Amino acid sequence: KEIKIHKTCLFAIIRNGLPVGLQSVVFSLSNVLIQSNINAFGPEVVAGSSAAANIEGFIYVAMNSLYHTAITFTGQNIGAGKIERVKKIAFITVSVVIVTGGALGAFCMIFKEQLLSIYVHETDKAVEALVINAGLKRMELICTPYFLCGTMEVLCGVVRGMGKSLLPTVVSIFGSCLLRIVWIYTVCPFAPDSIELLYIAYPVTWVLTSIGHLISCIWGYRSIKRARDLRLSAERESVAAGV
């Protein structure tokens, strides 16, 4: 009978969790639009892009694990009142994700043809060569700079760990979703036959979104630190008045 819903906790979970779910939905919609544009380049490009995307998925797992690391360490230290540690957490996690993403991207590029051949099995060797070549184009422009995606993820995690869940959602939606849609309808028409121009949308939006999250980190850190300092000042004044 003591088991019950605690409204404060429930609203906190919804406040932090709902924006994350909304962000995932919008990301999926933007990826569908990009995929529809990739489909226009023919079956060989679609097959090559899908093979390269599967390889990228393994790198994303590493990037995403560091995103959750940033959330966990930031949230725990904020809860413990160790606000000054947030800067160190951000620096370490960004450094680790850059090294990890860069190393994995380099590994994939060194063994790019061998990795793509795992996913590509065509009876016609000429078609197989076209598919692998299409996959290589995507890997060169998306897989190699994937550490930029990791940087974006980690900075987003730091902001979320500070309890500012809605802000990184807004930044991600505008930076990585809406901007890609704008890119498709404004930049891509200049070279409609260039699949490379479509792929470049990924690293460009990763960089811009990372900048947005970095600004959010600085703002969130300063606002939390300011609120802590004001609370401590009020407590000291209260103690002094009592004495």
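The values are calculated or read from the model by the stated rules, or taken from the named source; none is laboratory data. The structure displayed is predicted, hence computed values, not measured ones. Heads up, the Cβs are rebuilt from the backbone with ideal geometry, glycines too, and the neighbour counts pull from every protein chain shown. The accessibility values were calculated without ligands, DNA or RNA, using every heavy atom of the protein model including side chains. Shrake-Rupley method; radii C 1.70, N 1.55, O 1.52, S 1.80 Å.
Projecting the Cα positions of GLY81, SER194, HIS121 onto the charge dipole of the chain (unit charges on Cβ atoms of Lys, Arg, Asp and Glu, taken about the Cα centre) puts GLY81 furthest along the positive direction. Grab the DSSP H runs of the chain that are 4 residues or longer, score each as -39,500 (n - 2.57), total them, divide by all residues and round the 222 nm result to the nearest 500 deg cm²/dmol. Dividing the helical sum by the residues of the chain leaves -27500 deg cm²/dmol.
Using a 1.4 Å probe on the protein chains only, how many percent of the accessible area of the chain belongs to carbon and sulfur?
Values: 9300 of 13510 Å².
Roughly 69 percent, rounded to a whole number.
Taking a ≥ b ≥ c as the square roots of the eigenvalues of the Cα gyration tensor, region 135-199 is classed as oblate, since a/c reaches at least 1.5 and a/b does not exceed b/c. Here the calculated FRET efficiency for LEU232 and ASN16, from their Cβ-Cβ distance with R0 = 35 Å, stands at 0.90, rounded to the nearest 0.05.
For a test of the definition: using alpha carbon positions, the gyration tensor, and the 1.5 limit on a/c, classify region 58-202 as rounded, prolate or oblate. Show your work: numbers first, answer last.
Details: a/c = 3.42, a/b = 1.75, b/c = 1.95.
It is oblate, given that a/c is not under 1.5 and a/b is not larger than b/c.
For the chain, the residue among TYR221, TRP206, THR8 whose Cα projects farthest onto the positive side of the dipole built from Cβ charges is THR8.
Protein heavy-atom accessible surface, 1.4 Å probe, per residue over region 48-140: 54 Å².
Restrict the search to region 29-134; then list the chymotrypsin sites (Phe, Trp or Tyr not before Pro) that DSSP places in a loop and that have at most 15 other Cβ atoms within 10 Å of their Cβ.
Details: sites: PHE41, PHE58, TYR60, TYR67, PHE73, PHE91, PHE107, PHE111, TYR119; in loops: PHE41, PHE111.
Here the sparse-neighbourhood loop sites are PHE111.
For the chain, the spread of Cα positions along the three principal axes, ordered from largest to smallest, is 88, 47, 32 Å.
Taken about its Cα centre, the chain carries a charge dipole of about 1580 debye when Lys and Arg each add +1 at the Cβ and Asp and Glu each add -1 at the Cβ.
Put simply, when 27-39, 207-219 are sorted by average Cβ atoms within 10 angstrom per residue, most first, you get 207-219, 27-39.
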